[in-house]
């Protein structure tokens, strides 16, 4: 039976946004997908939405994706390793604790950097991982053939594989995700506390502040688990941030103008080197257009792009710290960037083009 | 002569982006505007661009706007008070130090929350202040008629006046602008330092991190002055932030899950109550549309809006902490919001509408 021709088989444990999107993407590639969730209603809904072919954990799965809440991952991985004979991977935001808890050549830890905190299965889409970075965390006892299988399935889903040691992954996401989230919450908390004293504060909170605190609007419920699992790295980065803020405090309190300027210049340089979005840099150009704060300007630019058949890979508005006037930053195909620039100039804009390759 | 009919007269000291935009807006309203700048080339360019009618400080100015670098403001205000017989106001980002240095019934401190750190006179535009908040900081010795004149001119420029005590203004901008800027720089600095050890870090830096650090890309040169002038308030807010981060560190290190969740939930609530942009809330509705990370989706939504003749007052993409998939947030006219929502649903989107009024 197992040797008869037929679709490749996979299972998903946890049919939320990420698990559901994996299901849709695998099914779009012809796989047979089984799925299970702690909540019977969720697995039922996943079946109705066509995210999975069947409810349950398929013993013949070539690969099982564990996409349940972070805290439950080690136990669910163990269950998948017992029930199935195939490879098991997970999608948790923290890796060292999971990899330490599960030592099995059939397990490869993973973490897709895509939409981990939004919506449930209703938001699942087969293209969630298109162009996303998907970290895999092989360790010494990982079977290299098994690693290759996971990497090829991940690439099938449209993601790019970045291999990292589990503790390195955790240290890096503490820097670029976990501590920024906590810091956004801290800044928002302070603003909220001051706003109680003086309602005008929120009227003064312009684009820059909104950008900085936006991620604090995300679902809080996932964070106690993430913070528990990535405790050491998060504490380490908070400590580093407190030292850095202490240095800045000294520069401000002691009027160390040159040191302050040098620090801010380094940060500016680093931020400018951070591409607007991580894409294949040779393929996109960044177009920066100073825009007035006027109704319709965004629609005008994007409509014009669409008339010129130019795909906008990403859009952001860089606000100043004060005020809403800003610079519209678009990522567009390199080959069409110059034509777009000329068209924008003719339309009265003053775009600047930067090729990222 | 001064009593003969003719245009109202104003002067601008400092013809950069903000001063230049004031000049353009006043001239568009029929005023005669003189302007001066520390840099002769800058005042010459302002004249060429039609930002001012004449170079110089006009003794018959009814009002003079001091828009020079923060540090030079008290001296320039004193000069304007000596040379002209009219009212003098300024546009500096910090107010208590200026107001303390200048005690004169003809002076009213001010701070437009608009585009203070971008570009020079080339970016000046008469609509820079349309819909912006413009703080005025009257004190006990401010003549109330003079205050009313400044307020009416500011409204003529399209801004909304918010009156605040100078030290209150400074405390509030430290919270919503100055310390967020320093914090963004600190986070970017830490990421940059870790990126030197491991280049993969920047590939893991997704939308949430980019949002948080975006303002760090702004011009650093203005910050030593701002930090010097608003030293006490900035130090106070940094201290508060360090305490808040220390609390979060304790919650993480000690596994205080409930306290952590409650803190993040408060921040989430506060952030969600912060409108996408400060506008007349009765007039706009917020439309949130989950969007796949796919070429063309932003152009599709904005083009569709323009086909429906719907003005987009503001647009932002709320990224998750990890990954680029997000929610497109649009502010549109309340009266057209429902029609737009229905159109979006027919187009296959799943928008949610929130009326802000």
- Item | Filter pass, residue B:239 being within 8 Å of chain A (Cβ to nearest Cβ), without any contact (Cβ under 8 Å) to a residue 24 or more places away in the chain, under 17 Å from residue A:265 (Cα atoms) and part of a helix (DSSP H, G or I) | no
- Query: Just one of the numbered conditions (1) surrounded by 17 or more Cβ atoms within 10 Å (Cβ to Cβ); (2) in contact with a helix residue (DSSP H, G or I) (Cβ under 7 Å, 6 or more places away or on another chain); (3) closer than 26 Å to residue B:230 by Cα is not true of residue A:234; which one?
  - Reply: (3)
- Message: Checking residue A:228 against (1) more than 7 Å from chain B (Cβ to nearest Cβ); (2) in contact (Cβ under 8 Å) with a residue 24 or more places away in the chain; (3) surrounded by fewer than 24 Cβ atoms within 10 Å (Cβ to Cβ): exactly one of these is not met. Which one?
- Response: (1)
- Task: Would you mind telling me which numbered condition in (1) assigned to a loop (DSSP other than H, G, I, E, B); (2) buried (at least 16 other Cβ atoms within 10 Å of the Cβ); (3) modelled with pLDDT of 95 or more residue A:68 fails?
- Result: (3)
- Those residues of region A:193-209 which are assigned to a helix (DSSP H, G or I), facing chain B (nearest Cβ under 7 Å) and surrounded by fewer than 22 Cβ atoms within 10 Å (Cβ to Cβ) amount to A:194, A:200, A:202, A:203
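Show me the helices (runs of 4 or more DSSP H) found entirely inside region B:244-357 where at least 2 residues are modelled with pLDDT under 85 and over 22 Å from the mean Cα position of the chain (by Cα). Break it down into steps so the answer makes sense when it comes.
Working: elements: B:257-273, B:297-307, B:334-346.
Once the helices (runs of 4 or more DSSP H) in region B:244-357 are filtered for at least 2 residues that are modelled with pLDDT under 85 and over 22 Å from the mean Cα position of the chain (by Cα), what remains is B:297-307, B:334-346.
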- For residue B:218, state whether it is in contact with a strand residue (DSSP E or B) (Cβ under 9 Å, 6 or more places away or on another chain), over 29 Å from residue A:162 (Cα atoms) and facing chain A (nearest Cβ under 7 Å). yes
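The values are calculated or read from the model by the stated rules, or taken from the named source; none is laboratory data. Predicted, not measured: the structure shown is a model, and the values here were computed from it. So basically every Cβ, Gly included, is an ideal-geometry build from the backbone, and we count neighbours across all protein chains shown.
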